[in-house]
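A.B. asks: My structure is below; once you've seen it, I'll send some questions.
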Amino acid sequence: MNPFKSTLIKISIVVGMINLQSCIPILLLNYDSNPIVEHDEVKGVTRFKKTLFYYFSEERNSSFIKNEQQIFKEISPFQDQYNVYDYLHLDDRLNHIENTIYFIIDQQIYPIEINFQSTKNLSEIAKDEEDILLADSTKMSVITDYEIKNYAVISIHYQLEKEIITKISYAKDVKIRYYTPPEMITLKLSNHKIKTFKALAESVVSHKN
């Protein structure tokens, strides 16, 4: 074998291994179940925060686009509270969620009352661009087509009892059901999301001497 070619192969293998290793921490970071910790000296609470994203609903041809879910566990000398904020991105035809949502935990149904909701109608412009060659051989990008996408963001807030959090933490199957007349939206929690709820349930304040 050509020694120069052999050296190139060895270098390629080493570079490939370095690139693979550099990707591993990123993958672990994206799937980390550990929450962010905030110490609020004004309100006297320690706050554990985790954000989850949902991109698929179980219903076909649903108006659901995505959901950003922020979960807060607040620990104070008096009590532990779990506050959840959902930001549901939906087709702009839907602008309201019924005041009760449902956690379906291992086929058991738990109704949860919404404390607050608001709706914002937003727009995005999707553009198709194409490079053209000018007379002086320089390239210029021109817009060949565009589409205006309208959607609604429905923000809701609700609280979960510690009992519900515990049930989610040890469940095999968890779903959340929202009713947005005339549709319903069902989101399934992955194993990673269930582990995130468990990590929040097990989060405690560490006392330093």
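A.B. asks: Could you list which residues have their amide H under 5 Å from that of Glu59, counting only those 5 or more apart in sequence or on another chain, with H placed in the peptide plane?
C.D. replies: Thr186
A.B. asks: Using the beta-carbon distance between Thr186 and Ser155 and R0 = 22 Å, what value does 1/(1 + (r/R0)^6) give for FRET efficiency, to the nearest 0.05?
C.D. replies: On the way: r = 19 Å, r/R0 = 0.88.
For R0 = 22 Å, the calculated efficiency reads 0.70.
A.B. asks: If you don't mind, there's one more thing I want to ask. Quick check: from the Cα gyration tensor, does region 100-199 come out rounded (a/c under 1.5), prolate or oblate? Intermediate values should be presented prior to the final figure.
C.D. replies: Values: a/c = 3.93, a/b = 2.47, b/c = 1.59.
Judged from the Cα gyration tensor, region 100-199 comes out prolate (a/c at least 1.5, a/b above b/c).
A.B. asks: Treating only the Cβ atoms of Lys and Arg (+1) and Asp and Glu (-1) as charged, compute the dipole magnitude of region 35-201 about its Cα centre; round to the nearest 20 debye.
C.D. replies: 820
A.B. asks: Apply the Karplus parameterisation 6.51 cos²θ - 1.76 cosθ + 1.60, with θ equal to phi minus 60°, to every residue of region 151-158 and state each ³J(HN,Hα) to the nearest whole Hz, in sequence, with x for glycine and proline.
C.D. replies: 8, 10, 10, 9, 9, 10, 10, 8
A.B. asks: Mind grabbing the base-10 log of I(q)/I(0) for region 35-201 at q = 0.10, 0.12 Å⁻¹? Debye formula, identical points on the C-alpha positions, no solvent, two decimal places.
C.D. replies: These q points yield log10 I(q)/I(0) values of -0.48, -0.63.
A.B. asks: So, with +1 on the Cβ of K and R and -1 on the Cβ of D and E, and no other charges, what is the size of the charge dipole of region 119-209 about its Cα centre, to the nearest 20 debye? Intermediate values should be presented prior to the final figure.
C.D. replies: Numbers: 14 positive and 13 negative charges, 217 e Å.
The calculation lands at about 1040 debye.
A.B. asks: Taking θ as phi - 60°, what are the ³J(HN,Hα) couplings along region 169-185 by the Karplus curve (6.51, -1.76, 1.60), each to the nearest whole Hz, with x for Gly and Pro?
C.D. replies: 4, 10, 7, 9, 9, 9, 9, 10, 10, 10, 10, 10, x, x, 10, 10, 10
A.B. asks: Can you run phi through the Karplus equation (6.51, -1.76, 1.60; θ = phi - 60°) for region 107-115 and list ³J(HN,Hα) in whole Hz, with x for Gly and Pro?
C.D. replies: Result, rounded to whole Hz: 6, 9, 9, 10, x, 10, 7, 7, 8.
A.B. asks: Could you work out the per residue convex hull volume over the alpha carbons of region 55-131, in cubic angstrom?
C.D. replies: In region 55-131, the Cα hull volume divided by residue count equals 185 Å³.
A.B. asks: Would you work out which of Ser63, Leu94, Gln79 lies farthest towards the positive end of the dipole of region 26-134, given +1 charges on the beta-carbon of Lys and Arg and -1 on that of Asp and Glu, about the Cα centre?
C.D. replies: It is Gln79, whose Cα lies furthest towards the positive end.
Coordinate-derived values only; no laboratory data. Since the model is a prediction, treat every value here as computed from it, not as a measurement. Ideal geometry is used to build each Cβ from the backbone, glycine not excepted, and the neighbour counts take in all protein chains shown.
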